[in-house]
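Notes follow once the structure below has been shown.
The values are calculated or read from the model by the stated rules, or taken from the named source; none is laboratory data. In this text the structure is predicted, and so the values were computed from the model without any measurement. Methodologically, a virtual Cβ is constructed for each residue, glycine included, from the backbone with ideal geometry; neighbour enumeration extends over all protein chains shown. Accessible surface areas use protein heavy atoms only, side chains included; no ligands, DNA or RNA. Shrake-Rupley method; radii C 1.70, N 1.55, O 1.52, S 1.80 Å.
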2 protein chains.
Amino acid sequence: MTQNIWKEVVINPQEKTPLYKQISNQIELLVHDGQLKPGFRLPSERTMAKLLNVSRMTITLANEEMKMKGIVRSHQGSGTFILRGTRLKEKEVQLDNPVDFAYPTGEINHGMDEIMSLGQDQSLINLGGVGAAPEVHPGIEFSQCFAEHLRRNPVLLQLPSPTQGYEPLRLEMINWLKKVGVTAELNEIMMVSGAMQGLDLISRLFLKPGDFVIMEEPGFLAAADAFTATGAKILRITLDEEGIRLDSLENMLMQFPVKFIYVNPTFQNPTGITMSLERRKQLLHLAKKYGVFIVEDDPFSLLYYSEKPDPPIQTLGSDHVIYIQSFSKYLYPELRVAVLVASEGIIRHLSKIKQRVDLHSNNLTQIALHAYITGGLLETHIQKLRYGYAQRLKEVQLRVKASSFLHCQIPKGGVFLWCRIPKEVPAERLLEVAVKKGLTFVPGNWMSGVGLYDHHIRLAFTHPSHEGLKKGLDLISDAISAYKAYQF
Amino acid sequence: MTQNIWKEVVINPQEKTPLYKQISNQIELLVHDGQLKPGFRLPSERTMAKLLNVSRMTITLANEEMKMKGIVRSHQGSGTFILRGTRLKEKEVQLDNPVDFAYPTGEINHGMDEIMSLGQDQSLINLGGVGAAPEVHPGIEFSQCFAEHLRRNPVLLQLPSPTQGYEPLRLEMINWLKKVGVTAELNEIMMVSGAMQGLDLISRLFLKPGDFVIMEEPGFLAAADAFTATGAKILRITLDEEGIRLDSLENMLMQFPVKFIYVNPTFQNPTGITMSLERRKQLLHLAKKYGVFIVEDDPFSLLYYSEKPDPPIQTLGSDHVIYIQSFSKYLYPELRVAVLVASEGIIRHLSKIKQRVDLHSNNLTQIALHAYITGGLLETHIQKLRYGYAQRLKEVQLRVKASSFLHCQIPKGGVFLWCRIPKEVPAERLLEVAVKKGLTFVPGNWMSGVGLYDHHIRLAFTHPSHEGLKKGLDLISDAISAYKAYQF
């Protein structure tokens, strides 16, 4: 696509706008449209001049203009690159019939867009997104199990599919949830298309403009997106080694109309911190005192590498907690399945919304998951993950210790390493350099709601291949060195 | 469940409320909770008295109380039944911490809830919901094809999954859509989790309180639910034999801030009417003139039983149309896949919302659909459906002609029969009687936004077995006779 992309840059000598501005404007549009990706190297000035049939001076001016606007960055000898993190305000799409949209797309931070778009690039080593490591990817076993199950029960795909989920799977969840200590009855359980859908449904049930949500700082950025899409505002609270801090929390609960507190208490994304049992109790106490729900996101509890973590907050007070357990980290994220536990009344309301959102989740995936769990395969698979990921974590730890640039919190479980980088290196800039070197990760400030963590990065150590992981960690140090040497 | 349900009815002789009232109140709650389904026959008064350990008189009084409240209906000799269509205002769930919800659940009509809940009841012949007939259900072939495809390409489940959809499937859609005459480029195509999700995303992009949508009267009730969930209002326009009437449409476009016109032009749900080519052109002309979009729902075009229908409105003016083609009727609805076509700008906006709603649709189903289409199996399957459903329609037509109670429009395609019933028989009441006889269908007024079509019913002729279909049609006439005889 990028080979013919220059045909899209049409310049007209008759127009009043100078040629170099016409060129820079159109390249800017190509960047916005996603047709030119961050990290892409523009052809040399000479080649560009030929391609666009203009003088070399015009290209030099166009490049200067784009540098000023922060669209490109050039470095002596290595060429001119489209910048990561330009984050220009998205222009409204021009339609024949302009419409004012209802959805607040403009107010949403673009971190998730970038994580997803970088995640699509197969040429990059992905320490950004969260995926199953190739050596333990359960895909084949999972789908074979499904095919076999269906061969033996050919009528399954013809059964009606309720909004709360495929009933045999929901029944199986009653047992499954006991693994983390959660007890729930059938009518307190619903299946959703990934934790993200759970958060969206919860947001739509509770939030409207003027409402507030409390969440951890730093915290899961996609959750923040779901909350703010409703027009609600987020209050952020930092963590100490025992989890979300409670001193300012009570203050906030007194001052603001908070609808719920969203936490990820076990192996938190991105810090890896696990909330202490005492803190869990205190948090629940405050939630009860101020009559707000806790939304507990629990995707990692079974991925512990030393001892089993404390049970979810849900087990301490189920009436006040909406609990979500995703299968993305236990199987693989593209599957889009999670289980949501709440009081029967809340489940009924969430189901009503889900019915209007997608009627129900697709039956294929749910039937497959049911077969995989009842066959005992998921349990075995998670044991394998615990072993494999613990090994990875050890290696990562060694490599990280050897680096003079990275200061990482080594988690006791989960899939993330939260690392401080030298304070003269801004994380977003480092990502630009890293992408050129073939690597992606998440700059810390994308996980912040208040512009903190500019000098932190989040590294997911479960996604790339073994080799990729080692190379990726080396590349980060390389990128930091390069950045420091050249001050890009 | 219903065997032990009476244990939930706890009565306390110490309380001031009389025993019969305690009982009737608690049964009412069980009906609200969905634990007692409409059509359920209560145990005899004597049995109830024993179960609850009260006098028979108390039960008689409780039943009288419930009859007065419209919770049950009893008929001499046949017992006391929970009423279909009680439609009591849903009580807010009692929580320890009462919350005011943001989602307007109360303002949404409950037709879809009832269609879905009746559809779950395997003991009923289902002429209500839309499903693949068992003799042509593609489930096994579909999943075998998937398993084989994955066996040959074991890496597929490990590929990243973009929000717009699995790219090989989107590429295949370019060809697939040509079957109905729609031409679209890759970046004008996205996959969604069923047409319902498409409508939800469109609603969230365009609609806010104060906005208006125009749709057909009668029309697809789940679409109406998606629109009103945003706080927008719906303007309804009746159809003549050429489709939605245009005289009042222009008037509405002049008077109200309409965001889009939602139509189902081919084999419309529920009437089966197909919009003429001339009407399609005029509708598009008006949409352009007033700068509003047309949202074109096209789930049936390939299910024609005589000649091929006119091409979608999208083919006449793609800039003004958002086109959705569901695979629910071509494969089976529990699969939750549809393709959405719009301008690149609209697709980009819808993708942003979808990313915040569920990140992307699950990869399993999309990979399976891709394999099924590229293997040529879907095309063959749809030919089979056309043949099989045309046969069904002929039979249905004969049976309907023989009935003196049913006056049905016989469609040229699609899956619905729209029938007038005797004017002394209200459709909702008929459903109550029918459910007792083991049958479900959709009362016409559920498809209305303005309280019309009380004496119409929608019959889906593709869901039950062959035998079920025949028996179902006979049962409708039986139910009408029974209603007329007893005036239930």
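Applied to the range B:331-342, the Karplus parametrisation 6.51 cos²θ - 1.76 cosθ + 1.60 on θ = phi - 60° returns per-residue 3J(HN,Hα) values of 10, 7, x, 5, 6, 6, 9, 8, 10, 10, 10, 7 Hz, with x for Gly and Pro. Averaged over the residues of B:57-65, the number of partner chain Cβ atoms lying within 10 Å of the residue Cβ comes to 0.
Shape class of the range B:139-376 from the alpha-carbon gyration tensor: prolate, with a/c at 1.5 or above and a/b greater than b/c. Between residue B:208 and residue A:402, the C-beta separation translates, for a Förster distance of 45 Å, into a calculated FRET efficiency of about 0.25.
For residue B:375, what charge total do you get from the other residues with a beta carbon under 14 Å from its beta carbon, if Lys and Arg give +1 and Asp and Glu give -1? Each step should come with its number before you reach the end.
Working: positive: B:151, B:152; negative: B:141, B:148, B:172, B:379.
That sum, taken over residues with Cβ under 14 Å, equals -2.
Evaluated with a Cβ-only charge set (Lys, Arg +1; Asp, Glu -1), the range A:139-378 carries a dipole of roughly 600 debye about its Cα centre, given to the nearest 20.
Roughly how many whole Å is it from the C-alpha centroid of the range A:318-362 to that of the range A:193-246? Here the two parts' Cα centres lie 16 Å apart. The alpha-carbon of residue A:67 sits under 20 angstrom from the alpha-carbons of these lysines, leaving out residues fewer than 8 places away in its chain: A:21, A:37, A:89, A:91, A:436. Among the cysteines of chain B, those with no neighbouring cysteine Cβ under 4.7 Å are B:145. Peptide B:156-168 has a mean shielding of 5, counted as Cβ atoms of other protein chains within 10 Å of each residue's Cβ. The charge dipole of chain B, taken about its Cα centre with unit charges on the Cβ of Lys, Arg, Asp and Glu (plus for the first two, minus for the last two), comes to roughly 860 debye. Listed cross-link partners A:281/A:423; A:308/A:384; B:412/B:471; A:352/A:412 are compared with a 27 Å cut-off, the Cα-Cα value being larger for A:281/A:423; A:352/A:412.
Remark: the protein assembly as shown carries a charge dipole of roughly 580 debye about the Cα centre, counting +1 on each Lys and Arg Cβ and -1 on each Asp and Glu Cβ. Applying 1/(1 + (r/R0)^6) with r as the Cβ-Cβ distance of residue B:10 and residue A:123 and R0 = 41 angstrom yields a FRET efficiency of 0.05.
The packing ranking, built from the mean of other Cβ atoms within 10 Å per residue, places the peptides B:407-416, B:195-204 in the order B:195-204, B:407-416, highest first. Counting only other chain Cβ atoms within 10 Å of each residue's Cβ, the peptide A:203-214 averages 3. Taking every Cα-Cα distance in the range A:281-347 and sorting them into 5 Å bins from zero, the calculated P(r) comes out as 4, 16, 24, 21, 17, 12, 5, 1 percent.
A straight line joining the Cα centroids of the range A:263-317 and the range B:365-426 runs 52 Å. Straightening the chain between residue A:171 and residue A:37 buys 43.7 nm, computed as 0.36 nm per residue apart minus the Cα-Cα spacing.
Shape class of the range A:416-486 from the alpha-carbon gyration tensor: oblate, with a/c at 1.5 or above and b/c at least as large as a/b. Less than 19 Å apart at the alpha-carbon level, and either on another chain or at least 8 residues along: which aspartates and glutamates does that give for residue B:179? Filter leaves B:188, B:296, B:297, B:298, B:307, B:310, B:379.
The Rg/Rh ratio of chain A, with both radii computed over alpha carbons and Rh defined as the Kirkwood radius, is 1.00.
Around residue A:219, what is the net charge, scoring Lys/Arg as +1 and Asp/Glu as -1 over all other residues with Cβ under 12 Å from its Cβ?
Computed value for this residue: -2.
Figure legend: label point modelled 7 angstrom from the Cα of residue B:386 along Cα→Cβ; residues of the range B:170-196 with amide N under 16 Å from it are B:176-182. For residue A:69, a cut-off of 16 angstrom between C-alpha atoms picks up these aspartates and glutamates, skipping any fewer than 8 places away in its own chain: A:28, A:90. Leaving ligands and nucleic acids aside, the A/B contact buries around 7500 square angstrom of accessible area in total at a 1.4 Å probe radius. Projecting the Cα atoms of A:366, B:23, A:58 onto the charge dipole of the protein assembly as shown, computed from C-beta unit charges around the Cα centre, puts A:366 farthest toward the positive end.
The rotation axis taking chain A to chain B passes closest to this chain A residue's Cβ, listed with the gap in Å: A:147, 2. Legend: Rg and Dmax of the protein assembly as shown, from Cα coordinates, 29.7, 102 Å.
Which FRET efficiency value, to the nearest 0.05, is calculated for residue B:17 and residue B:450 with the Förster distance at 56 angstrom and r the Cβ-Cβ distance?
Calculated transfer efficiency: 0.85.
Count Lys and Arg as plus one, Asp and Glu as minus one, and take only other residues whose Cβ is under 11 Å from that of residue A:74; the net charge is then +1. The accessible surface of chain A, taken with every protein chain in place and a 1.4 Å probe, is 51 percent carbon and sulfur. Its DSSP H runs of at least 4 residues, each contributing -39,500 (n - 2.57), put the calculated 222 nm mean residue ellipticity of chain A at -13000 deg cm²/dmol, to the nearest 500. Can you give the extra length, in nm with one decimal, that the chain gains between residue A:135 and residue A:256 once fully stretched, where that is 0.36 nm per residue apart less the Cα-Cα distance? Extending this stretch completely gives an extra 38.8 nm. Which of B:406, B:223, B:253 sits closest to the plus end of the dipole of chain B, meaning its Cα is farthest towards the positive end, when Lys and Arg get +1 and Asp and Glu get -1 on the C-beta? The residue sitting farthest along the positive end of the dipole is B:406. For residue A:451, inter-copy separations between label points set 7 Å beyond Cα along the Cβ vector come to 5.6 nm, shortest first. Computed packing ranks the peptides B:151-161, B:329-339 as B:329-339, B:151-161, most packed first, by mean other Cβ atoms within 10 Å. Distance from the alpha carbon centroid of the range A:143-171 to that of the range A:456-488 works out to 43 angstrom.
Dipole of the range B:152-305 computed with +1 at Lys/Arg Cβ and -1 at Asp/Glu Cβ about the Cα centre; of B:153, B:201, B:267, farthest Cα towards the positive end is B:153. The GluC sites (Glu not before Pro) of the range A:6-40 meeting both criteria, a DSSP state outside H, G, I, E and B (loop) and at most 12 other C-beta atoms within 10 angstrom of the site's C-beta, are A:15.
Taking all C-alpha pairs of the range B:293-393, those more than 22 Å from each other amount to 41 percent. Here the range B:159-306 carries DSSP beta bridges of which approximately 10% are antiparallel, counting only pairs with both residues inside. Each other copy places its own label point for residue B:179 at 4.0 nm from this one, sorted shortest first, where the point lies 7 Å along the Cα-to-beta carbon line. Annotation for residue A:423, label-to-label distances across the other copies: 8.5 nm (shortest first, one decimal, point 7 Å from Cα along Cα→Cβ).
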